[in-house]
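Everything below concerns the one structure shown next.
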Amino acid sequence: MKIDQEVSRAALSYGNILLGGIFLIWLFNIIISVTRGSGNTIMPAFSWLIVLSSHVLLASFNFNYLDGNFILKNNVVFLSENYLFNSLEWSAISLLSGYFFGLVFILSFYFFGNHSYTFKFSKILQLDGFLKLIKSGSLASCQSLMTISLALFCTAVIGIFGSHWTAGFGIAIRLELLLIPIIFGVGGALIAIVGANVGANKLKRAVQMTWKGTAFSVFIVGITGLFFSFYPEFWSNFFTHNPQAIDAAEVYLKVVAPFYAFFALGLGLYFVCQAFNTLFWPVVGTFLRLIFVVILTSFFLYNNLASPYLLFITMSSGLIIYGLFIGLSLHYGPWKSHYKQN
């Protein structure tokens, strides 16, 4: 996906450091997911606050404040130039450092805090529930792999049209990525609520809670998408003053953002399906979205019809297919019998 040498060098400068410490992000998210699943939402919230504050504090070293403006430095220097990092390298370091401090905090809670959990290495060798975990985890990972594959494919295609389109696409899709924690937050709570009702065999109530919680996610994410589709400059101007990149980001937001509600519908139901053990249908929906976008975009490329506009329209259509398929397949499929329960 090389666009030009400068972009490639920048990606390597950032990526080499980030990937070297990516285990910090994985480990942190695993531990707070377990903590949240146990019913404790306070400690994950404090942990995220530490990640955020540490990251912002360290990232501020990348800037100088001059005449009311923040100016990006070329380098960050420590210990009399013994340690010198360019701005991209320091961005990766500050991000990983935030997760490191958050990880220290949540681990300290488990080692020294007041909780009812114990951990024994001997328990690792016991395979109780292992097959169930593999079954559920493999389906969930398929969803993630297909989502990542779609993002890589779209990035590769948009890169054909130049670095300003790649930059604008990256700016715009960042909004989509930032909406995922909203869906995840509601979905995480729903997993616990719905799972408790499923365990109590209150399946009708579990389905009712699912649709209520998912509707909340759809409303919040849908309204956000509509707002930025009408006022895309409010988002793109945060990141750049390059007019070409701003125009590219605004095209994406005008075409794709109005359909974020379908994204929230599909992803929200995916989370809840972990409580119902019906992950098969969200995975199929993700597969259909991937295949639709790849095949249609490949057709446009093969016939020299491809353009950023067509790619974005195809992505919008993929979101509609994704949300509607998952919602309808669950409603008329595995959940249908639950509606009749007293």
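Brief remarks on what is shown
- Qualifying positions in segment 203-218 - surrounded by fewer than 18 Cβ atoms within 10 Å (Cβ to Cβ) and in contact (Cβ under 8 Å) with a residue 24 or more places away in the chain: Lys204, Phe216
- Any chance Phe276 is under 16 Å from Ile173 (Cβ atoms), surrounded by fewer than 24 Cβ atoms within 10 Å (Cβ to Cβ), in the same structural domain as Thr210 (by TED's automatic domain parsing) and of a type outside the set (Gly, Ala, Ser): no
- Set Ser229, Ser163: member being among the hydroxyl-bearing types (Ser, Thr, Tyr), in contact with a Leu (Cβ under 6 Å, 6 or more places away or on another chain) and over 20 Å from Leu330 (Cα atoms): Ser229
- Those residues of segment 122-136 which are part of a helix (DSSP H, G or I), closer than 30 Å to Phe280 by Cα and among the polar types (S, T, N, Q), in sequence order: Ser136
- Here segment 267-291 is the region considered, the condition is being of a type in the set (Ser, Thr, Tyr) and assigned to a helix (DSSP H, G or I), and the residue that is farthest from Gln208 (Cα to Cα) is Thr286.
- Residue in segment 79-86 that is touching an Asp or Glu at 6+ places or on another chain (Cβ under 9 Å) and of a type in the set (S, T, N, Q) present: no
- For segment 167-200, a tally of residues being under 19 Å from the mean Cα position of the chain (by Cα) and more than 22 Å from Asn29 (Cβ to Cβ) returns 6.
- Unique residue being in a helix (DSSP H, G or I), in contact with a Cys (Cβ under 9 Å, 6 or more places away or on another chain) and over 21 Å from Phe169 (Cα atoms) when the list is Leu330, Leu324: Leu330
- Enumeration of residues in segment 158-199 that are farther than 27 Å from Pro44 by Cα and surrounded by fewer than 19 Cβ atoms within 10 Å (Cβ to Cβ): Gly159, Ile160, Phe161, Gly162, Ser163, His164, Gly170
- Summed over segment 281-315, the residues that are among the polar types (S, T, N, Q), more than 18 Å from Leu152 (Cβ to Cβ) and either in contact with a Leu (Cβ under 7 Å, 6 or more places away or on another chain) or free of Cβ contacts under 8 Å to residues at least 40 places away in the same chain (or both) give a count of 2.
The values are calculated or read from the model by the stated rules, or taken from the named source; none is laboratory data. All values derive from a computational prediction rather than experimental measurement. So basically every Cβ, Gly included, is an ideal-geometry build from the backbone, and we count neighbours across all protein chains shown.
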